[in-house]
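Only one structure is covered here, and it is reproduced in the block below.
The values are calculated or read from the model by the stated rules, or taken from the named source; none is laboratory data. This is a predicted model, so every value here is computed, not measured. Please note: Cβ atoms are built from the backbone with ideal geometry, for glycine as well, and neighbour counts cover all protein chains shown.
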Amino acid sequence: MSLLTRLGGNQQSEHGKEKEIKPISTVKKSVELEVRLHNFLVEELKKPVNQGKELEPLVEKLSEDFFEKEGKYLTLEEKKQLINDTSHELTGYGPISPLLADPDVTEVMVNGPNEIYAEVNGRIQRTTAQFRDDLHVMRVIEKIVAPLGRRIDESVPMVDARLPDGSRVNAIIPPLALNGPTITIRKFSETPFTIYDLLRMGTLNQDMADFLKAAVEAKLNVFISGGTGSGKTSTLNVISSFIPRHERIVTIEDAAELKLSQDHIVSLESRPRNIEGQGEITIRDLVRNSLRMRPDRIIVGEVRSAEALDMLQAMNTGHDGSLGTGHANTPRDLLARLETMVLMSGFELPVRAIREQISSALDIIVQQARMKDGSRKITRITEVLGLEGDTIVLQDIYVYNERKNIETGKVEGKFASTGIRPHCVEKLELAGHNLQNIFKEEW
């Protein structure tokens, strides 16, 4: 069975328009029986005689005992479906467990109990999976956030969290979410991407990869810019792998997602306020604290607020080689956003002073985008040259020239060097990198 069929893909109607196929679920007829099976298994698994055994075969055996008493009228297929669904409840996250286990699915979106969508190869499709009701979705949300010491209720109706494999989770519930409890899960690969994966997927070319490797090893400050879902975190993971293994790295995130391969890593995670409204630890607090932890590198998963000022000051005071990401559509937009975020710190700094901080702190901006066909591309690698008057001067080193294949609908294009020798080449050469041949003009 194809993935599209498993996910409840659309079929063409008689008039040629896409028609959504409403699946006929046999499980709905047996909701009460599923609940009883779930309760039975929970009680049986609590017994000492069953503890410590492998869960999957044990669940199957106990379910057979249950069906001998209460499920004789069910077909073999219905019994198998009930066992699968109940196993997902006990060991996973209910109806979305198969989607989370599917390597082709990159994002799972739950819009209330009856609408579950999945992103496959960059395209969003509606699936046949469903929750029973709002309470069922709430239980899954609580199962995700409870191990992290976070909570979600009417007083705190939004939460950011992560799954054990690092996948990013956002949940929002009524009264804010009118469709019912809503979950968005951005899946991450269990095996972190390498630079070879990005080359294979066409995210960048070999010259760009060589340049970024040299930039990180030479301790240039690199910022990755892009929109939501453009692959910023994956790229940050990849280029952070170029950091020498002997260096001490401090990572700072809202929800820990980075998977670095080095040995000497300290991972810090922000904390929301508690039920009394106290105890909040922000990204900014963690950035300040990291300066006292003797870091060789500081990596901020996403700069989105007042911590921008502390991050820029760290880059300007000896913490070279820092990395971070931010939301922006172009490198120039990123600079404007950083200005705004610095102003959010509460200090009434002159705009020129802010721009001086930015221009002296940042060396390289990597602009990433998600294309119309769902692929991710690094569209620009831009050098920050400094301040001229009141304007920060930028210079593109590499660009992606996009074009679309009309026959296939795929986005095709070419990565090209602008032919301009970057000012940072001297730093790269001092670090032992000879990259003269990768800046030839390719327009």
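Looking only at segment 143-163, count every residue that is under 15 Å from Ile173 (Cα atoms) and either touching an Asp or Glu at 6+ places or on another chain (Cβ under 7 Å) or not basic (Lys, Arg) (or both) and tell me the total.
Step one: of segment 143-163, the residues under 15 Å from Ile173 (Cα atoms) are 143-145, 150-161.
From what's left, either touching an Asp or Glu at 6+ places or on another chain (Cβ under 7 Å) or not basic (Lys, Arg) (or both): 144-145, 152-161.
Result for segment 143-163: 12.
Taking segment 130-183, which residues are among the polar types (S, T, N, Q) and under 27 Å from Val35 (Cβ atoms)? Can you show your working first?
Kept after step one, since they are among the polar types (S, T, N, Q), are these residues of segment 130-183: 130, 155, 167, 170, 179, 182.
Gln130, Asn179, Thr182, listed by residue number.
Determine whether segment 262-284 contains at least one residue that is assigned to a helix (DSSP H, G or I) and either closer than 30 Å to Met158 by Cα or not hydroxyl-bearing (Ser, Thr, Tyr) (or both). I'd like the intermediate steps shown before the answer.
As a first pass, look at segment 262-284 and keep what is assigned to a helix (DSSP H, G or I): 283-284.
When the remaining residues are screened for being either closer than 30 Å to Met158 by Cα or not hydroxyl-bearing (Ser, Thr, Tyr) (or both), the result is 283-284.
Scanning segment 262-284 turns up at least one residue that is assigned to a helix (DSSP H, G or I) and either closer than 30 Å to Met158 by Cα or not hydroxyl-bearing (Ser, Thr, Tyr) (or both).
Say whether the condition of being touching a strand residue (DSSP E or B) at 6+ places or on another chain (Cβ under 6 Å), of a type outside the set (Ser, Thr, Tyr) and surrounded by fewer than 18 Cβ atoms within 10 Å (Cβ to Cβ) is met by at least one residue in segment 375-385.
Scanning segment 375-385, I find at least one residue that is touching a strand residue (DSSP E or B) at 6+ places or on another chain (Cβ under 6 Å), of a type outside the set (Ser, Thr, Tyr) and surrounded by fewer than 18 Cβ atoms within 10 Å (Cβ to Cβ), so the answer is yes.
Residues that are surrounded by fewer than 19 Cβ atoms within 10 Å (Cβ to Cβ): find the strands (runs of 3 or more DSSP E) completely inside segment 147-207 holding 2 or more of those.
Working: elements: 158-162, 168-172, 182-186.
Of the strands (runs of 3 or more DSSP E) lying wholly inside segment 147-207, those with at least 2 residues that are surrounded by fewer than 19 Cβ atoms within 10 Å (Cβ to Cβ) span 158-162, 168-172.
Pairs under 9 Å by beta carbon, first residue surrounded by 11 or more Cβ atoms within 10 Å (Cβ to Cβ) in segment 341-358, partner assigned to a loop (DSSP other than H, G, I, E, B) and among the hydroxyl-bearing types (Ser, Thr, Tyr), six or more apart or different chains?
Matching pairs, first to second residue: Met341/Ser305; Met344/Ser305; Ser345/Ser305.
Cβ-Cβ below 6 Å, separation at least six or inter-chain, first residue in segment 171-182 and in the same structural domain as Met109 (by TED's automatic domain parsing) and on the phi > 0 side of the Ramachandran plot, second buried (at least 16 other Cβ atoms within 10 Å of the Cβ) and assigned to a loop (DSSP other than H, G, I, E, B): which pairs?
Listed by first residue and then by second, the contacts come to Gly180/Gly112; Gly180/Pro113.
Checking Val266 against (1) in the same structural domain as Gly318 (by TED's automatic domain parsing); (2) surrounded by 16 or more Cβ atoms within 10 Å (Cβ to Cβ), which single condition isn't satisfied?
Here Val266 clears every test but (2).
Which one of these is at pLDDT below 90, assigned by TED's automatic domain parsing to the domain that holds His433, farther than 24 Å from Thr382 by Cβ and out of contact with any Leu (no Cβ under 7 Å at 6 or more places or on another chain): Arg273, Arg245? Outline the logic, then answer.
Numbers: Arg245 fails: at pLDDT below 90.
None of the other options fit; the residue is Arg273.
What is the residue count in segment 232-258 for residues that are in a loop (DSSP other than H, G, I, E, B) and either over 13 Å from the mean Cα position of the chain (by Cα) or crowded, with 18+ Cβ neighbours inside 10 Å (or both)? If you could, list the steps in order and put the result at the bottom.
Filtering segment 232-258 for residues in a loop (DSSP other than H, G, I, E, B) gives 241-248, 254-258.
From the residues that got through so far, the ones that are either over 13 Å from the mean Cα position of the chain (by Cα) or crowded, with 18+ Cβ neighbours inside 10 Å (or both) too are 241-248, 254-255, 257-258.
Total satisfying the criteria: 12.
I'd like to know if segment 293-306 contains one or more residues that are in the same structural domain as Ile239 (by TED's automatic domain parsing), modelled with pLDDT of 90 or more and in a helix (DSSP H, G or I).
no
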